[in-house]
Amino acid sequence: MRIAVVSEHASPLAVGGGDVGEQGTHVAELAAALVGEGHDVRVYTRRDSPALPDVVPAAGGYRVLHVPAGPARRVPRDELLPHMGEFGRWLAGQWRDGAWLPDVAHAHFWTSGLATVHAGRRAGVPVALTYHGLGTVRRRHQGARDTSPPGRVGYERALGRAVDRVVAQCQEEVGELVRLGVPRSRMVLVPSGVDERIFRPDGPAAPRHPGRSRIVTVGRMVERKGFQEVVRALPAVPDAECVVVGGPPAEMLPADGFARRLTALAESCGVADRVKLLGGLPREELASWYRSADVVVTAPWYEPFGLTALEGMACGVPVIGTNVGGIADTVVDGLTGDLVPPRDPRALGMAIRRLLADNVRRFTYATAALDRIRSRYSWKRCAEQLGAVYETLSTVARPAPAVA
Ligand code: UDP
């Protein structure tokens, strides 16, 4: 099949730093896995630099097309809405006039959804949408600090009905979407996969500090990732060091406001000598840090999916996570790891302390976690499931394309 993947702000070519989130990684790995299943895949992302070629063949066997829509520089994703009309018109033009008409288009994030629905209607291409986070959830947690455009929730509700299929990533998202008014019958639940070539149990591990247990926690340097709760949990976990990976590269951390606040918090909790901020790392290096850990902790306040829990599990390390988003599906409480309530350093501290003290439990969690990854979260399985979804969409009779 010919599959168009639309990811307006998250380019699959920009993966691998500490500030690039789940969506770019997801799109890169999904596109490669779809190619592996024999599909012809093109990824459309916004041109955010004048230096970018129009088309780039990616190592994964798909092509990345840079769409001219808005200024050719980085624009925060919350400011992209005004450029989505241009993005959608460009896509429609390509699909209608060009030599390559996709059988199906899969949009990632709501703004991509708007552009893709516009183009899909005009070119007669069915559309699937993965939200990668919902405006309702963001507003609930961030309140006045939410920088999403005011219309986001309304657009997301409308998109849920306008697209041919919504691809939800976890149970919690299905519930949110139902409450938003998206019919359950329009949804399919397909969790993200994890790159098992990078995140695997064998391979180099970062050196250890003798006599100290190691907690590793990974993510962007933002409040909602819950690093402050991990630091607050540390006084309850003596003799353990906490390695925090993510954010800007190490040399830029001193200029990062959040990193500075985290360091100050570690000092005020009396654990500064046990907290190590590494900054953002490429994924291969990140894997060696996961492998060096006794436990991976992921403690976000909320999380659309939560790739880092999967990555820790795939490296054969038990995970303690907060009971939110995709983490509540991927970590099976008491079997592959432990789940604790979000924003609760006391519960987190108790869970870490108990697990670090119990070698047998850590071993059994790690073994079960690996089994779970292999049976449920391979990219191959994800690509097969999505391939079946695309197949049903492409065989549904399409209305005649509207005249532009
Ligand atoms: N990541 C990375 N280097 C880092 C920190 C994170 O490559 O220094 C990657 C990590 O491997 C994961 C993604 O960034 O694939 C973060 O995904 P997650 O779902 O945890 O959160 P998001 O950033 O999308 O909110």
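The values are calculated or read from the model by the stated rules, or taken from the named source; none is laboratory data. It should be emphasised that the depicted structure is a prediction, and the values quoted were computed from it without experimental measurement. Ideal geometry is used to build each Cβ from the backbone, glycine not excepted, and the neighbour counts take in all protein chains shown. SASA here: full protein model, heavy atoms, side chains in, ligands and nucleic acids out. Shrake-Rupley method; radii C 1.70, N 1.55, O 1.52, S 1.80 Å.
Quick look at the numbers
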| quantity | calculated |
| --- | --- |
| Residue count, region 288-306 (criterion: open to solvent by 10 Å² or more (accessible area, probe 1.4 Å), within 17 Å of the chain's Cα centre (by Cα) and away from the ligand (no atom under 11 Å from the Cβ)) | 1 |
| All positions within region 115-139 that are under 21 Å from F305 (Cβ atoms) and away from the ligand (no atom under 16 Å from the Cβ) | T116, V127, A128, L129, T136, R139 |
| Selection from region 101-134 of residues that are small (G, A, S), out of contact with any helix residue (DSSP H, G or I) (no Cβ under 6 Å at 6 or more places or on another chain) and surrounded by 21 or more Cβ atoms within 10 Å (Cβ to Cβ) | S112, G120, A128, G133 |
| Failed condition for V222, given (1) in contact (Cβ under 8 Å) with a residue 60 or more places away in the chain; (2) within 11 Å of the ligand (Cβ to nearest atom) | (1) |
| Residue among R179, R145, R138 that is modelled with pLDDT of 95 or more and surrounded by fewer than 22 Cβ atoms within 10 Å (Cβ to Cβ) | R179 |
| Set S394, S378: member being farther than 15 Å from P318 by Cα, small (G, A, S), touching an Asp or Glu at 6+ places or on another chain (Cβ under 8 Å) and open to solvent by less than 30 Å² (accessible area, probe 1.4 Å) | S378 |
| Single condition P238 does not satisfy, out of (1) within 15 Å of the ligand (Cβ to nearest atom); (2) surrounded by fewer than 21 Cβ atoms within 10 Å (Cβ to Cβ); (3) not basic (K, R); (4) not in a helix (DSSP H, G or I) | (1) |
| One residue from R220, R197, R214 being crowded, with 17+ Cβ neighbours inside 10 Å, more than 29 Å from G160 (Cα to Cα) and of a type in the set (K, R) | R214 |
| Enumeration of residues in region 80-100 that are modelled with pLDDT under 95 and either surrounded by 19 or more Cβ atoms within 10 Å (Cβ to Cβ) or part of a helix (DSSP H, G or I) (or both) | R96, D97 |
| Filter result for D344 (within 16 Å of the ligand (Cβ to nearest atom) and within 28 Å of R139 (Cβ to Cβ)) | no |
| Selection from region 268-287 of residues that are more than 8 Å from the ligand (Cβ to nearest atom) and either surrounded by 17 or more Cβ atoms within 10 Å (Cβ to Cβ) or at pLDDT below 95 (or both) | C269, V271, R274, V275, L277, E284, A287 |
| Top-ranked residue in region 319-342 [being in contact with a helix residue (DSSP H, G or I) (Cβ under 8 Å, 6 or more places away or on another chain) and surrounded by fewer than 18 Cβ atoms within 10 Å (Cβ to Cβ); ranked as nearest to Y302 (Cα to Cα)] | P341 |
| A309 near the ligand (Cβ under 9 Å from one of its atoms), in contact with a strand residue (DSSP E or B) (Cβ under 6 Å, 6 or more places away or on another chain) and free of Cβ contacts under 8 Å to residues at least 40 places away in the same chain | yes |
| V75, sole failed condition from (1) at pLDDT below 95; (2) away from the ligand (no atom under 16 Å from the Cβ); (3) under 30 Å from F199 (Cα atoms) | (3) |
| Verdict on A69 being outside any helix (DSSP H, G or I), free of Cβ contacts under 8 Å to residues at least 24 places away in the same chain and either touching a strand residue (DSSP E or B) at 6+ places or on another chain (Cβ under 7 Å) or not hydroxyl-bearing (S, T, Y) (or both) | no |
